[in-house]
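What follows is a set of notes on a single structure, which appears directly below.
The values are calculated or read from the model by the stated rules, or taken from the named source; none is laboratory data. Bear in mind the structure is a predicted one, so any value in this text is a computation, not a measurement. Neighbour counts are summed over all protein chains in view; Cβ atoms, including those assigned to glycine, are modelled from backbone coordinates with ideal geometry. What goes into the accessible areas is simple: the full protein's heavy atoms, side chains included, and nothing from ligands, DNA or RNA. Shrake-Rupley method; radii C 1.70, N 1.55, O 1.52, S 1.80 Å.
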Amino acid sequence: MSAPQLGLRANAAQFALLVGLNALVGAMVGLERSVLPLVGEEDFGLRSSTAILAFVVAFGAAKALTNLASGELAERLGRKRLLVIGWTFALPVPFLIGLAPSWWFIVAANVLLGVNQGLAWSMTVVMKIDLVGPRRRGLALGLNEAAGYLGVAVAAFATGALAADHAPRTVVWVGAALIASAGLLVSALAVRDTAAHVAAEQVAHGDRAPAHDGLRAAFTYATRRDPVLRACNQAGLVNNLNDALAWGLAPLYLAANGATIHEIAVVATVYPLVWGAGQLLTGWLSDHTGRKPLITGGMLVQAGALGLLVIGNGSLMPSIAAAALLGAGTAMVYPTLIAAVSDATQPRDRARVVGVYRFWRDFGFVLGALIAGIGADAASPRAAIAVVAVLTGASGLAVAATPWRPVARAAPAEAL
């Protein structure tokens with residue numbers, strides 16, 4: 001049996017299948033984007049922003065820890081098997097949301113949703129990197145993340161539109177049941193494992209450095225020893241501070257300033273729509289301009305977007321403009337960070353080191369929800385947004401100050 005070829009063209013069918021599957025992964029979380037914080041207020045009578053944002057904390061903590069474990073589990077169980085397990089964790093989510101007698105059932109559902117996202121999204125990312133090889137890595141990740149966040153945008157808009165005429169919780173749980181069932185069937189019946197592609201790339205890569213055997217060694221290397229990986233980890237964490245704020249606090253902020261559910265749905269859709277579509281360009285661009293300029297610039301654009309949201313004081317048009325800018329900045333950063341982490345990692349270490357990066361990135365959901373909730377309760381939503389804007393700008397400057405090493409380019413075994 002001949003060794004598998006690396007590259008988009010050689011693996012077009014599986015690559016396209018994984019792109020479509022990641023759109024379903026994104027849609028699972030997009031269902032909650034425009035309506036779930038309002039459900040906390042209207043269905044369960046919550047008045048504390050911190051209590052409402054507990055579902056984001058639960059989601060972020062579960063996803064971060066699952067991301068951390070996913071790399072090691074992928075090496076032990078295989079990529080496809082872990083993808084199927086990830087979708088299995090999504091199956092109880094719609095029932096917990098639909099039948100919840102208290103807000104804490106919603107929080108528990110988001111623990112399972114975090115596990116689903118940590119396993120399923122991680123595996124679609126890693127499997128696409130396995131298939132495509134180093135030469136088109138940025139483009140591959142741009143396509144992956146674009147599909148995921150366009151899925152978020154479509155689901156966010158659909159739930160916001162349908163919630164005007166139907167009970168918001170019903171819209172969420174019915175949509176979640178359909179998506180989880182489809183994702184599990186596609187993963188189990190159509191996806192193929194990519195272990196052979198990893199082995200082929202490692203042969204071409206050569207043993208340039210010792211492997212990081214085990215999760216502890218990979219965690220220490222990626223978190224403390226390698227400056228590029230450190231820079232990527234902190235930028236990913238701060239990026240998801242923004243996302244937690246946009247997901248959990250922004251709908252409450254807009255509603256408090258008189259926005260209707262339709263208007264909130266528009267703002268909640270613009271952000272992931274620009275983010276998702278923009279990655280079709282930025283992933284490819286990072287292959288040609290390098291990773292660092294896009295990461296630095298994207299973090300600074302995000303900081304400016306949050307500043308505009310503060311200045312706009314919840315008015316609709318400034319909020320839409322801020323959402324578009326936030327999406328553009330995130331599109332510059334998101335696929336580029338994962339590509340940069342992959343650049344700095346040997347093929348055989350990839351799943352573990354990407355898992356460490358995704359742990360730190362998604363821990364940003366936890367910190368972002370806490371900063372947003374506590375800041376909003378102690379001072380005001382505007383003050384919480386301003387704090388996150390300052391942190392985002394500082395993160396971009398930290399990346400700018402980090403020395404960046406050149407990236408090894410295409411191996412002879414790789415096809416386009």
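So, of the residues in the range 387-412 that are open to solvent by less than 60 Å² (accessible area, probe 1.4 Å) and in a loop (DSSP other than H, G, I, E, B), which turns out to be modelled with the highest pLDDT? Write out each step before concluding.
We begin by selecting, within the range 387-412, every residue open to solvent by less than 60 Å² (accessible area, probe 1.4 Å); these are 388-389, 392-396, 398-400, 402, 407-408, 410-411.
Filter once more, so that each one left must be in a loop (DSSP other than H, G, I, E, B): 402, 407-408, 410-411.
On the way: Thr402: 94, Val407: 54, Ala408: 49, Ala410: 42, Ala411: 42.
Per the criteria, the residue is Thr402.
Return the residues of the range 332-360 that are among the basic types (Lys, Arg) and more than 21 Å from Leu280 (Cα to Cα); say none if nothing qualifies. Break it down into steps so the answer makes sense when it comes.
Just the residues of the range 332-360 that are among the basic types (Lys, Arg), to begin with: 348, 350, 352, 358.
Passing the criteria: Arg348, Arg350, Arg352.
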Item checked: Output for the range 12-37, where each listed residue is β-branched (Val, Ile, Thr), within 14 Å of Ala180 (Cβ to Cβ) and at pLDDT 90 or above -> Val25
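Is it the case that Ala12 is under 30 Å from Ile264 (Cβ atoms) and either surrounded by 19 or more Cβ atoms within 10 Å (Cβ to Cβ) or out of contact with any helix residue (DSSP H, G or I) (no Cβ under 9 Å at 6 or more places or on another chain) (or both)? First the steps, then the outcome.
Details: under 30 Å from Ile264 (Cβ atoms): no; either surrounded by 19 or more Cβ atoms within 10 Å (Cβ to Cβ) or out of contact with any helix residue (DSSP H, G or I) (no Cβ under 9 Å at 6 or more places or on another chain) (or both): yes.
Against the criterion (under 30 Å from Ile264 (Cβ atoms) and either surrounded by 19 or more Cβ atoms within 10 Å (Cβ to Cβ) or out of contact with any helix residue (DSSP H, G or I) (no Cβ under 9 Å at 6 or more places or on another chain) (or both)), Ala12 does not qualify.
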Checklist line | Members of the range 373-386 found to be touching a residue at least 24 places away in the same chain (Cβ under 8 Å) and open to solvent by 70 Å² or more (accessible area, probe 1.4 Å), listed by number | finding: Ile374, Asp377, Arg382
Next item on the list: Please tell me if Val191 is among the hydrophobic types (A, V, I, L, M, F, W, C), touching a residue at least 24 places away in the same chain (Cβ under 8 Å), surrounded by 18 or more Cβ atoms within 10 Å (Cβ to Cβ) and in contact with a Phe, Trp or Tyr (Cβ under 9 Å, 6 or more places away or on another chain).
Entry: no
Next item on the list: Could you check, for the range 344-361, whether at least one of its residues is among the hydrophobic types (A, V, I, L, M, F, W, C) and closer than 23 Å to Val390 by Cα?
Entry: yes
Notebook entry, point to check: assigned to a helix (DSSP H, G or I), of a type outside the set (Asp, Glu), out of contact with any Leu (no Cβ under 7 Å at 6 or more places or on another chain) and surrounded by fewer than 21 Cβ atoms within 10 Å (Cβ to Cβ) - does that describe any residue in the range 138-152?
Noted result: no
Notebook entry, point to check: Which of the residues spanning the range 364-386 are outside any helix (DSSP H, G or I) and either within 24 Å of Gly114 (Cα to Cα) or not hydroxyl-bearing (Ser, Thr, Tyr) (or both)?
Noted result: Ala379
Next item on the list: Need at least 3 residues that are free of Cβ contacts under 8 Å to residues at least 12 places away in the same chain and more than 27 Å from Trp360 (Cα to Cα) per element, so show me which helices (runs of 4 or more DSSP H) inside the range 1-101 make the cut, counting only ones lying wholly within it.
Entry: 12-30
Note to self: With the requirement that a residue be open to solvent by less than 20 Å² (accessible area, probe 1.4 Å) and either under 20 Å from Pro347 (Cβ atoms) or modelled with pLDDT under 90 (or both), what does the range 65-88 give you?
What the structure shows: Asn67, Ser70, Gly71, Ala74, Gly78, Arg79, Leu82, Leu83
